[in-house]
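K.L.:
Mind looking over this structure? Questions follow.
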Amino acid sequence: MFTQQQCVNYCFIFLYPAGLRIRIFNFCLKVLTCVLYIIRVMTDNPTQLRNTWSGHCLIFWVDRKTPVWAIQYKINLYVFQGNIWEQMFQVSFLLEMLNTVPFIITIFWPTLRNLFIPVFLNCWLAKHALESMINDLHRAIQRTHSAMFNQVLILICTLLCLVFTGTCGIQHLERAGRNSLSLFNSLYFCIVTFSTVGFGDVTPQIWPSQLLVVVMICVALVVLPLQFEELIYLWMERQKSGGNYSRHRAQTEKHAVLCVSSLKIDLLMDFLNEFYAHPHTQDYYVVILCPCEADSQVRRVLQIPLWSQRVIYLQGSVLKNQDLLRAKMDDAEACFILSSRNEADRMAADHQTILRAWAVKDFAPNCPLYVQILKPENKFHVKFADHVVCEEEFKYALLALNCLCPATSTLVTLLVHTSRGQEGQQSPEQWQRMYGRCSGNEVYHIRVSDSMFFREYENKSFTYAAFHAHKKYGVCLIGIKREENKSILLNPGPRHIMAAADTCYYINITKEENSAFTVRQEARQGKNRSHCDILNSPSGLPVHSIIASMGTVAMDFQNTSPTGDTATLAPPTQNGLGSRRPSIAPVLEIADSASLLPCDLLSDQSEDEAAHSDEDVPSASECMKGYPPNSPYIGSSPTLCHLLLHKAHFCCLRLDQGCEHVSHEDAKAYGFKNKLIIVSAETAGNGLYNFIVPLRAYYRPRRELNPVVLLLDNLLDSLLQCGVLYADNLVVVDKESTMSAEEDYMADAKTIVNVQTMFRLFPSLSIITELTHPSNMRFMQFRAKDSYSLALSRLEKKERDKGSNLAFMFRLPFAAGRVFSISMLDTLLYQSFVKDYMILITRLLLGLDTTPGSGYLCAMRVCESDLWIRTYGRLFQKLCSTSSEIPIGIYRTESHMFLPSDSQYSVSSEGWSDTKEKGEEPKILTRSSSSSDQSENPLLRRKSMHWTRRLSRRAMKRSDSSFFSSLPKLSASRRSEREELTELVRNRMQHLGLHTGFSELNDQQNSLSYVLVNPAPDTHLQLNDVVFLIRPDPLAHVPAEHTTRGQCKESRPDTPELNRV
């Protein structure tokens, strides 16, 4: 005895496949009846019937052969038996009765066997059976089908049924006319009529067939629009949701999924440009999964042929397995999950990102995850991801290093962006060409055994390989990774011996695999000619010609492989006298163990230097080196820092208020010896930990530590009280309260205006800030009617039209390292798909991670006593041979007088009047970035001078008399504005009771700065150049010369005074 539930399970589970087979069989029978009707029509002979019947009687009687009648009877009898229990008032039942009952009657009345029966109407029953069969089929195989597919099938079946019904009906009715139509002519007439062409060569002749045409047209006008409306609605909904990513394509093609909460055009273009910049990803598809509908800009971009065949937009949620199945997440090569940095509540944005990462990991555990998080305290929730980039970690670390090593943000941004080094090459200005050419350098990797660059340096020291690889190929070796050790070491120092299984990390225009080499062997003249003679001869110097074109570099160099101890660039002098320049020691193949002494882990390198200084340095009894006792969040990397022996009281942390321990109420009263670093932030978040740690790192001497002031209010009074007049850098952190704005690009409005106000009040102060959108960098240090800024804007548009990913790089605040956008570092996450080491190398450079034996980023300034080194290549050898430091770039500042700007007239009005009296033409004063480049290219030099003169004339396109007569007025107004601002500052200082020794600050606006990443070895050094260095870990073994730089200066007068920044 079966229960009711068992009966239901038996009917719907066990008998379900049988029901599907019955539906398929019924559909085949309906199609067979239509085929039999066509056979009956083709065997019909209306001419013979006209002898028996006449007129309209031919409409009711046909010539049906007995075998055809027998088959039709049996088929319709079976169908009638199968459908007799259906509902009586369904249209399908009425059609069944119309086609079945007459055949049953003919059994008892044989004379009616030639009666016409509209069997062709079974096509509508076949259509109904096909719809039911498709639905049952998808239910049987447990798969959902697309509503679009179902609707298209219904529309096609409806059109076929209309055409078939009209064809058969018109052909049958025209049998009663004088000229009967064939089945093909009827089909031709229906197609021409329904397509609204209407040639008129075939037309119905009698009124019944004409009436049928009218009825069919009316039915088509009612049925087809409804079908098309439903189809268009589903198509529009599918366009919004994006449809599905094909399972067959997912199994045969590679694809990556981008998951975002809201997709903006800037984010989309940055991702696509960087993702498809590598040859490895050209065959990949990108599936975008976003819960929001794509806006008009995104849709227009996705319709571009470049992206339409490779980018698929799906509207859906990552938290729904159905949407993840649509994106074929389980077959994806990578999944990028990006946070919405425009949200006012960044913690809530991180929570959404965490849930998305969990959902993807649960659905596709083997899919590599690339996650972007905003708050560092949320990192441990996504620790399982393959690659994680925390925005606040990188942001504060970049801001801190910008205070220590100027323009570190620009250096890192150029390294993580993909560029061919073609930006600015058509510019007439030398600094733009050199800056753009060096921006093409990126970080690459290769095994020593597979490399032409480093294969010859196997079993030699790392420092030796770095110097000679740069000397021969222009390649900057920065790091290494042992095969048995998964940690990357930046500049492990001369103690590290290169092995064949080591992986090298180097900076170059392109990777070695895309390079073409041409080696010219020097003809040796005589057996006794040594390699030293070749190096010392003028023709023996290495030639470094790097030409980047379409991702391939052609290098032309000579064979300069040094042997033995013959690597000096010049013969040594005797007692430092003579006309020859000082010599540089060779870089040893294997480090001399006698010259490498262990470094005291807790000693301060500045103690010896502090003995020669009059400044008050905190004694060892007040501070120590150790790890911070408390971590602000889970997952922070412990870093050895300078710490106080005793924890300071909380009341002593307020600079503007005295307490029982400290009575000072302003920065002046504290008497700080070093310049201040002021951080203007809205709140003191956990991210500030990553700002303070680099400033207090163990490798920084105590005498060089800068006091850090946290300013939670940027009013003028607060700025003066915290010591802005004694500050070296003012860091302005993005205000989270303004992140959410009605217009996305207005999120930076408050920060930009505040920075502009500080810039006008304190023009000589170095202000460093971070913006949300890179396009807003053009408003930093904004000057109205500045012709030079307008020229840079036009250059930026040209580079963007050429498809450059670094079009913003020529903006002066970005080039000088005064501003950066954290969205630029999104490319760091995108590049990690191809270069899985980029995040780790960047963290090591910024000091976010510390690995034993790995070096760190620092900088040195070229002073006047260092100019004897002359070139960057000689400086490379000097550093490698003495302190084992690896230079990776130059931060250069050049004088540049921006005369076309109205705001500059007061600065140079006397110079203009002098040139007018002498009858000379005013010029823009610039200092060449590379004298060798201009001397080798006199045409470019003349072109540059011509361009600057034309720019000056364009700014002075007015009458000379009126222009020079207006100069005193402009100068007076400029001085008046400067005096008003100075007086305002003095009055506020008097009101606050501060020291009023404030004098007018000079506008340091007549210079420009930029970064040269891995410049050529023959690049000439200039005074005040700042060289970026990767210094070996002080906790490891270092050369003896590096331990006490003061002793080195006394023993060797020709050693450069490498001033550390």
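The values are calculated or read from the model by the stated rules, or taken from the named source; none is laboratory data. Here the structure is a predicted model, which means the values were calculated and not measured. FYI the Cβ positions are ideal-geometry reconstructions off the backbone, even for glycines, and counts take in every protein chain you see. Calculation scope for accessible area: heavy atoms of the full protein, side chains included, ligands and nucleic acids excluded. Shrake-Rupley method; radii C 1.70, N 1.55, O 1.52, S 1.80 Å.
K.L.:
Using packing as a proxy for protection, rank 985-993, 723-731, 127-135 so that the peptide with the highest average count of other Cβ atoms within 10 Å comes first. Mind dumping the intermediate values first?
P.N.:
Numbers: 985-993: 14.9, 723-731: 20.9, 127-135: 17.3.
Averaged packing, sorted descending, gives the order 723-731, 127-135, 985-993.
K.L.:
Kindly state, to the nearest 0.05, the FRET efficiency for SER262 paired with TRP868, given R0 = 60 Å and r defined as their beta-carbon distance.
P.N.:
E between SER262 and TRP868, to the nearest 0.05, is 0.55.
K.L.:
Then there is this: Could you pull out every residue, at least 5 positions away or on a different chain, whose amide H is within less than 5 Å of the one on LEU711? Hs are placed 1.01 Å off N in the peptide plane, and Pro or chain starts have none.
P.N.:
VAL679, SER680, ALA681
K.L.:
Give me the accessible area per residue for the stretch 185-262, probe 1.4 Å, as a whole number in Å².
P.N.:
61
K.L.:
Keeping every protein chain present and rolling a 1.4 Å probe, give me the accessible area per residue for the stretch 729-841 in Å².
P.N.:
Working: 3910 Å² over 113 residues.
The answer is 35 Å² per residue.
K.L.:
Provide the net charge surrounding ASN706, with neighbours chosen by a C-beta distance below 9 Å and charges set as Lys +1, Arg +1, Asp -1, Glu -1.
P.N.:
-1
K.L.:
Could you sort 339-350, 676-687 so that the peptide with the highest average Cβ count within 10 Å comes first and the rest follow in order?
P.N.:
Most protected by this proxy first, the peptides run 676-687, 339-350.
K.L.:
Could you calculate the contour length gain from HIS995 to SER487, that is, 0.36 nm times the residue separation minus the distance between their Cα atoms, to one decimal place in nm?
P.N.:
So the chain would gain 177.6 nm between HIS995 and SER487.
K.L.:
Report the calculated FRET efficiency for PHE650 and MET624 (r = Cβ-Cβ distance, R0 = 22 Å), to the nearest 0.05.
P.N.:
Calculated transfer efficiency: 0.55.
K.L.:
Quote to one decimal, in nm, the extra length available between ASN366 and LYS383 on full extension: 0.36 nm per residue of separation minus the C-alpha distance between them.
P.N.:
Separation in residues times 0.36 nm, less the Cα-Cα distance, equals 4.6 nm.
K.L.:
Shifting gears a bit: Computing the accessible area with a 1.4 Å probe over protein heavy atoms, can you report the carbon and sulfur percentage for the stretch 616-678? Intermediate results must be reported in sequence, preceding the final value.
P.N.:
Numbers: 2310 of 4190 Å².
That share works out to 55 percent.
K.L.:
ILE767's amide H: which non-local residues (gap 5+, or another chain) put their own amide H closer than 5 Å, with H modeled 1.01 Å from N in plane and none for Pro or chain starts?
P.N.:
Residues meeting the criterion, in which the H sits 1.01 Å from N, are LEU730.
K.L.:
Ok, one more. Per residue, how much accessible surface does the stretch 281-363 expose to a 1.4 Å probe? Answer in Å², no decimals. Before the final figure, lay out the partial values.
P.N.:
On the way: 3720 Å² over 83 residues.
Ligands and nucleic acids excluded, the figure is 45 Å² per residue.
K.L.:
Continuing with this model, one more query. Considering only protein heavy atoms, with the full assembly of protein chains and a 1.4 angstrom probe, order LYS481, LYS328 by accessible area, largest first. If you can, show how the numbers build up before the last one.
P.N.:
Numbers: LYS481 55, LYS328 15 Å².
Per-residue accessible area, sorted high to low, gives LYS481, LYS328.
K.L.:
Using a Förster distance of 56 angstrom, determine the FRET efficiency expected from the C-beta separation of LEU355 and GLU456, and round it to 0.05.
P.N.:
0.60
K.L.:
Using a 1.4 Å probe on the protein heavy atoms only, what accessible surface does ARG23 show? Give it in Å² to the nearest 10.
P.N.:
Roughly 100 Å² of ARG23 is accessible to a 1.4 Å probe.
K.L.:
Still on this structure, please answer the following. May I ask which of LYS383/LYS835; LYS675/LYS797; LYS320/LYS802 have a Cα-Cα span longer than 29 Å here?
P.N.:
Correct reply: LYS675/LYS797; LYS320/LYS802.
K.L.:
Still on this structure: With just the Cα atoms defining each centre, how far is the stretch 333-384 from the stretch 663-696? Give it in Å.
P.N.:
32
K.L.:
Pairs to check: LYS361/LYS481; LYS264/LYS375; LYS379/LYS460; LYS375/LYS798; LYS375/LYS673. Give those whose C-alpha atoms are more than 32 Å from each other in this structure.
P.N.:
The answer is LYS379/LYS460; LYS375/LYS798; LYS375/LYS673.
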